[in-house]
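Peer 1: Have a look at this one.
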Amino acid sequence: MQIDKTNISEQNQQLLKKHQQRFDFINNETDDVEAVLQKLIEFQVAIPSWALGTGGTRFARFSGGGEPRNLEEKIEDIGLLHKLNQSSGAISLHIPWDIPRNTANIKALAAQHGLVFDAMNSNTFQDQSGQELSYKFGSMQHTDKAVRQQAIEHNIEVIRHGEALGSKSLTVWLSDGSCFPGQLNFRKAFQNTLDSLKQVYAALPQDWKMFVEYKAFEPNFYSTTVGDWGQSFLYASKLGEKAYTLVDLGHHLPNANIEQIVSLLLMEGKLGGFHFNDSKYGDDDLTVGSVKPYQLFLIFNELVEGMDARAMNHAGDLGWMIDASHNVKDPLEDLLQSVEAIMISYAQALIVDRKELSDAQQRNDVVAAQEVLQKAYRTDVRAIVAEARLRSGGVLNPLQVFRNLKVREHLIKERGTKTVATGL
Ligand SMILES: [Mn+2]
């Protein structure tokens with residue numbers, strides 16, 4: 001399935017007049033829209049290779065039709081998303097699910113679709129077929145040195161694949177932990193994990209980053225060895241300047257103040273990357289912005305404030321990724337919604353009146369501070385986001401065009417109704 005320039009301009013033509021009215025209105029209402037547009041155009045969110053097919057729960061998996069059957073088709077799917085929104089110009093690979101059969105061909109295919117390779121993801125949370133030792137009782141924390149060594153070697157192999165593809169970072173998420181009190185010596189588990197991470201860190205190329213992702217619970221239900229941002233920060237600090245904490249929105253205990261976590265990690269120069277999703281109860285992996293859009297805005301508000309305080313480049317200095325799983329929606333439609341939600345929250349954070357907010361905070365004017373934030377949050381910035389897409393060659397309404405062009409129907413025709421993408 002190819003979407004060409006003619007498709008795009010035809011689709012945009014139908015919506016252009018209405019869009020222009022909406023954009024003119026918001027442009028008059030808002031200061032410095034041109035600067036916001038420029039930032040939106042530069043901002044790219046990586047799509048994870050595992051989110052292109054239907055996910056499953058521990059009960060069932062209801063596969064959809066036309067799912068990508070291999071890495072080439074995953075790249076093509078992200079290419080389609082990027083063609084529509086011009087904001088999904090990167091792919092985050094998972095090893096061993098996405099080991100390229102021919103690296104040069106894969107690089108060329110990605111380049112053809114305007115995609116770069118974002119963070120590489122290792123996997124020691126499940127056993128692979130033919131694997132010698134089991135991760136049933138953990139990987140990097142394991143009591144047996146041989147298991148730890150196997151996990152270390154796997155991560156180093158992931159780095160090598162990433163180097164060949166032009167990636168610049170490794171995300172390590174460990175499911176290690178314990179399910180029952182007494183199962184684990186916490187201190188030994190931490191030390192083993194730190195020693196293992198140190199060996200992986202030593203194999204990082206000079207210009208690479210390592211992201212240490214944390215998660216409060218699941219699959220382990222009593223303790224997790226990288227359980228929260230404090231523990232991740234501890235590992236990242238002990239490892240060195242190339243190691244950072246990665247925040248996954250779904251990996252917190254209920255009601256955690258994620259925006260405060262983000263603010264402090266940024267202050268310490270230790271926030272490395274972000275996994276976007278949304279949730280109601282735990283690690284639900286739902287569409288970004290579908291349940292708690294105000295929280296997403298508050299997080300972006302801290303991101304923008306914190307990055308500006310350190311003179312960071314919004315688009316390039318942190319790793320922006322989606323980490324979601326789709327059980328009932330078309331994965332591609334879900335991803336279009338997620339990217340849109342991210343761009344909307346980012347745009348709203350960009351129009352916050354920083355001076356007014358800072359002044360209100362200084363004089364303890366709580367009411368004024370809330371007004372400043374909510375004024376931005378309640379501004380309908382969708383026409384700004386659409387204008388950014390239009391200027392970068394995308395479509396005004398990606399979801400509508402996805403349906404108008406019958407993208408899913410074409411993919412089913414090409415790939416069949418019973419395809420299963422590699423992943424969970
Ligand atoms: Mn994640």
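Just so it is clear, none of the values below were taken in a lab; they were calculated from the coordinates. Since the structure is predicted, the reported quantities are computational estimates derived from the model, not experimental observations. Note that each Cβ is placed from the backbone with ideal geometry, even for glycine, and that neighbours are counted across all protein chains shown.
Peer 1: Given axes a ≥ b ≥ c from the Cα gyration tensor, I'd like to know whether the chain is rounded (a/c under 1.5), prolate (a/b larger than b/c) or oblate.
Peer 2: On the way: a/c = 1.87, a/b = 1.22, b/c = 1.53.
Oblate, since a/c reaches 1.5 and b/c is not below a/b.
Peer 1: Restrict the search to the range 3-61; then list the chymotrypsin sites (Phe, Trp or Tyr not before Pro) that DSSP places in a loop and that have at most 11 other Cβ atoms within 10 Å of their Cβ.
Peer 2: Details: sites: Phe23, Phe25, Phe43, Trp50, Phe59; in loops: Phe43, Phe59.
Passing both the DSSP loop test and the Cβ count: Phe59.
Peer 1: Between Glu29 and Val291, how many nm apart are label points set 7 Å from Cα along the C-beta direction?
Peer 2: 3.0
Peer 1: For the range 163-302, rounded, prolate or oblate, judged on the Cα gyration tensor with a ≥ b ≥ c (square roots of eigenvalues), a/c < 1.5 rounded, else prolate if a/b > b/c? Each step should come with its number before you reach the end.
Peer 2: Details: a/c = 1.80, a/b = 1.14, b/c = 1.57.
Judged from the Cα gyration tensor, the range 163-302 comes out oblate (a/c at least 1.5, b/c at or above a/b).
Peer 1: Same structure, new question: Amide H to amide H, which residues 5 or more places from Val116 or on other chains are under 5 Å from it, using H placed in the peptide plane?
Peer 2: So Val116 has HN proximity to Ala90, Ile91.
Peer 1: Right, here's the next one. May I ask for the longest run of the chain untouched by GluC sites (Glu not before Pro) that are loop-located per DSSP and have at most 15 neighbouring C-beta atoms (other than their own) within 10 Å?
Peer 2: Here the longest run is 269-424.
Peer 1: Further question: Nearest 0.05, what FRET efficiency do Asp207 and Gln370 give at R0 = 41 Å with Cβ-Cβ as r?
Peer 2: Numbers: r = 42 Å, r/R0 = 1.03.
It comes out at approximately 0.45.
Peer 1: Further question on the same structure: Using a Förster distance of 60 angstrom, determine the FRET efficiency expected from the C-beta separation of Ile99 and Arg363, and round it to 0.05.
Peer 2: Values: r = 58 Å, r/R0 = 0.96.
Efficiency, from the Cβ-Cβ distance: 0.55.
Peer 1: To continue, here is another question. What Rg and what Dmax come out for the range 261-322 when only alpha-carbon atoms are used, in angstroms?
Peer 2: 12.1, 35
Peer 1: Another question, if that's okay. Find out how many positive minus negative residues lie around Val367, taking Lys and Arg as positive, Asp and Glu as negative, among other residues whose Cβ is under 14 Å from that of Val367.
Peer 2: Charge balance near Val367 sits at -2.
Peer 1: Still on this structure, I have one more. Based on the Cβ-Cβ distance of Glu218 and Val328, what FRET efficiency does E = 1/(1 + (r/R0)^6) give at R0 = 22 Å, to the nearest 0.05? Kindly include the intermediate steps, with their values, before the conclusion.
Peer 2: Numbers: r = 20 Å, r/R0 = 0.92.
The computed FRET efficiency comes out at 0.65.
Peer 1: Would you mind calculating the relative contact order of the chain from Cα pairs under 8 angstrom and at least 6 residues apart, reporting the percent as a whole number? All intermediate terms of the calculation are to be shown ahead of the outcome.
Peer 2: Working: 763 pairs, mean separation 100.3, N = 424.
Relative contact order for the chain comes out at 24 percent.
Peer 1: Would you calculate the separation in nanometres between label points at Glu356 and Lys413, each defined as 7 Å from the Cα along the Cα-to-beta-carbon direction?
Peer 2: Between Glu356 and Lys413, the label points sit 5.2 nm apart.
Peer 1: Right, next: I want the antiparallel fraction of DSSP beta bridges within the chain, as a percent rounded to 5. Before the final figure, lay out each step's value.
Peer 2: On the way: 3 of 30 bridges.
Antiparallel: roughly 10 percent of the beta bridges in the chain.
Peer 1: Additional query: Grab the Cα-Cα distance for Gln21 and Gln183, subtract it from 0.36 nm times how many residues apart they are, and report the gain in nm with one decimal.
Peer 2: Numbers: separation 162, 0.36 × 162 = 58.32 nm, distance 6.31 nm.
This chain segment gains 52.0 nm when fully extended.
Peer 1: Same structure again: Greater than 24 Å separation of Cα atoms is the criterion. Which listed pairs, Lys329/Lys413; Lys83/Lys406; Lys242/Lys280, meet it? Mind dumping the intermediate values first?
Peer 2: Details: Lys329/Lys413 19 Å; Lys83/Lys406 15 Å; Lys242/Lys280 33 Å.
Table pairs above 24 Å Cα-Cα are Lys242/Lys280.
Peer 1: Can you compute the modelled spin-label distance between Glu153 and Lys136, with each label point 7 Å from Cα toward Cβ, in nm?
Peer 2: In this crude label model, Glu153 to Lys136 measures out at 2.1 nm.
Peer 1: Can you tell me what the convex hull of the Cα atoms of the range 35-103 projects to on average, as an area in nm²? Don't jump to the answer; show the numbers that get you there.
Peer 2: Values: hull surface 25.1 nm².
That works out to 6.3 nm².
Peer 1: Take Arg69, Arg101 and order them by how many other Cβ atoms sit within 10 Å, fewest up front. All intermediate terms of the calculation are to be shown ahead of the outcome.
Peer 2: Working: Arg69 15, Arg101 9.
Arranged by neighbour count, lowest to highest, Arg69, Arg101 become Arg101, Arg69.
Peer 1: Moving on to the next point. Going by the alpha-carbon gyration tensor, a ≥ b ≥ c the square roots of its eigenvalues, is the range 125-207 rounded (a/c under 1.5) or, if a/c is not under 1.5, prolate (a/b greater than b/c) versus oblate? Each step should come with its number before you reach the end.
Peer 2: Working: a/c = 2.37, a/b = 1.69, b/c = 1.41.
Prolate.
Peer 1: Hey, another quick one. In whole Å, what are the Cα extents of the range 325-421 along the three principal axes, biggest one first?
Peer 2: Here the spans come out as 63, 30, 16 Å, largest first.
Peer 1: By the scheme Lys and Arg +1, Asp and Glu -1, what is the net charge of all other residues having a beta-carbon under 12 Å from that of Gly273?
Peer 2: -2
Peer 1: If you don't mind, another one. With all pairs of different alpha carbon atoms counted, what Kirkwood hydrodynamic radius in Å does the range 165-242 show? Please list the in-between numbers first.
Peer 2: Working: mean 1/r = 0.0762 Å⁻¹.
Over the range 165-242, the inverse of the mean reciprocal pair distance is 13.1 Å.
Peer 1: Fewest to most neighbouring Cβ within 10 Å: what's the order for Tyr294, Tyr281, Tyr377?
Peer 2: Working: Tyr294 14, Tyr281 9, Tyr377 19.
Fewest-to-most Cβ neighbours within 10 Å comes out as Tyr281, Tyr294, Tyr377.
Peer 1: To continue, here is another question. Compute the label zone of Asn404 within the range 61-103: residues whose backbone N is under 13 Å from the point 7 Å along Cα-to-Cβ.
Peer 2: Within reach of a label on Asn404: 84.
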